[in-house]
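Some notes on the structure that comes next.
What follows draws every value from the coordinates through simple rules; no lab data is involved. The model shown is predicted, which means the values in this text are computed figures rather than measured ones. As a convention, Cβ positions derive from the backbone with ideal geometry for all residues, glycine included, and neighbour counts pool all protein chains shown.
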Amino acid sequence: WNIHDDKTKKGINYIRENVKTLEGAKAEHMTCGFEVVFPSLLQRAEKMGIDGIPYDDPVVRQIQAAREEKLKRIPIEMMHRGPNSLLFSLEGLQENDLNWDRLLKLQSADGSFLTSPSSTAYAFMKTKDEKCYRFIANTLRSCNGGAPHTYPVDVFGRLWAVDRLQRLGISRFFESEISELLRHIYTCWSNKGVFSGRDSEFVDIDDTSMGFRLLRQHGYDVDPVVFMNFKNGNKFSCYGGQIIESSSPIYNLYRACQ
């Protein structure tokens, strides 16, 4: 914060001028983990003495409350035991709550934390882990020097491409391409389901539902018992600890059940 003063001021002005747009914003239109990361970053900014940010704005307090509610659903101790959605947003958690020796055991095979470049970058800053570094370097090479909020998305991209071709009524013109795409999906399939990217122990019902339906349509033998991984009582959730159930997972689960 002691360099590029003009860019610092530009960023602060952007937050101050646009924070009101969060009022009434739909949670499904926010980036993954926004309610965890945004309040935490503001807390750090306030501790650093960065002025001009509306720390006490009502909408900021609302998002802070959503953060606390989500953290109640996934206790910090539980977060260290196995794959869970908070691994996507490690930069939004309190540093004192993080046991890096345990968390590093939850890395995906590609070195990422739940396919999140930002979460993995934060882990690298704190641990200098070589696998984290290789994931970040590979992401930058693959994305022309930048990084999307999620990488890779090879499962999600293939599934939704096939679905859109079907819904447009032109899938018959791409039968060989669709067969190739679904072969890749089947290699990623497990009895737990799938996630947006390969090599992840974490799974979600949205990608799993879409994958199940398309694989079944094309003759693959996949077991519907996979959906029991997402059942909690008499309800289904996209993944454990989720507060907001968006329309896409519910819709795709319904389509898969048909």
Greater than 18 Å apart at Cα, pairs in LYS72/LYS105; LYS26/LYS70; LYS7/LYS126; LYS26/LYS47: LYS72/LYS105; LYS7/LYS126; LYS26/LYS47
Rounded tilt (10° steps) of 205-217 against the dominant C-alpha axis of the chain: 20
Approximate spin-label separation ARG141-GLN94, in nm, with each point projected 7 Å along Cα-to-Cβ: 4.0
Contact order relative to length of the chain, as percent, for alpha carbon pairs under 8 angstrom and 6 or more apart: 15
Net charge contributed by nearby residues that have their C-beta within less than 14 Å of ASP57 (K/R +1, D/E -1): -1
All aspartates and glutamates inside 16 Å of LYS9 as judged from Cα atoms, apart from same-chain residues fewer than 8 positions distant: GLU17, GLU46, ASP51
Residue order, fewest to most beta carbons within 10 Å, for ARG198, ARG67, ARG134: ARG134, ARG198, ARG67
Linear extension gain, ASP51 paired with ASP163, 0.36 nm per residue minus alpha-carbon span: 35.6 nm
Angle between the chain longest axis and helix 117-127 axis [Cα atoms, degrees, rounded to 10]: 60
Viscosity 0.890 mPa s, temperature 25 °C, Stokes-Einstein D of the stretch 76-143 from Kirkwood C-alpha radius, µm²/s: 208
For the chain, built as a Gaussian network whose Cα springs stay under 10 Å, the top-fluctuating residue of PHE135, PHE173, PHE236: PHE173
Mean ellipticity per residue at 222 nm, deg cm²/dmol - from DSSP H runs of n ≥ 4 across the chain, formula -39500 (n - 2.57): -15500 deg cm²/dmol
Distance between the stretch 82-143 and the stretch 4-25 - C-alpha centres, whole angstrom: 27
Spatially proximal lysines relative to LYS10 (Cα-Cα < 18 Å; intrachain offsets below 8 disregarded): LYS20
Cα long-axis angle, helix 154-167 against the chain (0 to 90 degrees, to the nearest 10): 60
Candidate lysines for bridging to LYS231, where Cα separation is under 16 Å - those fewer than 8 sequence places away on the same chain excluded: LYS192
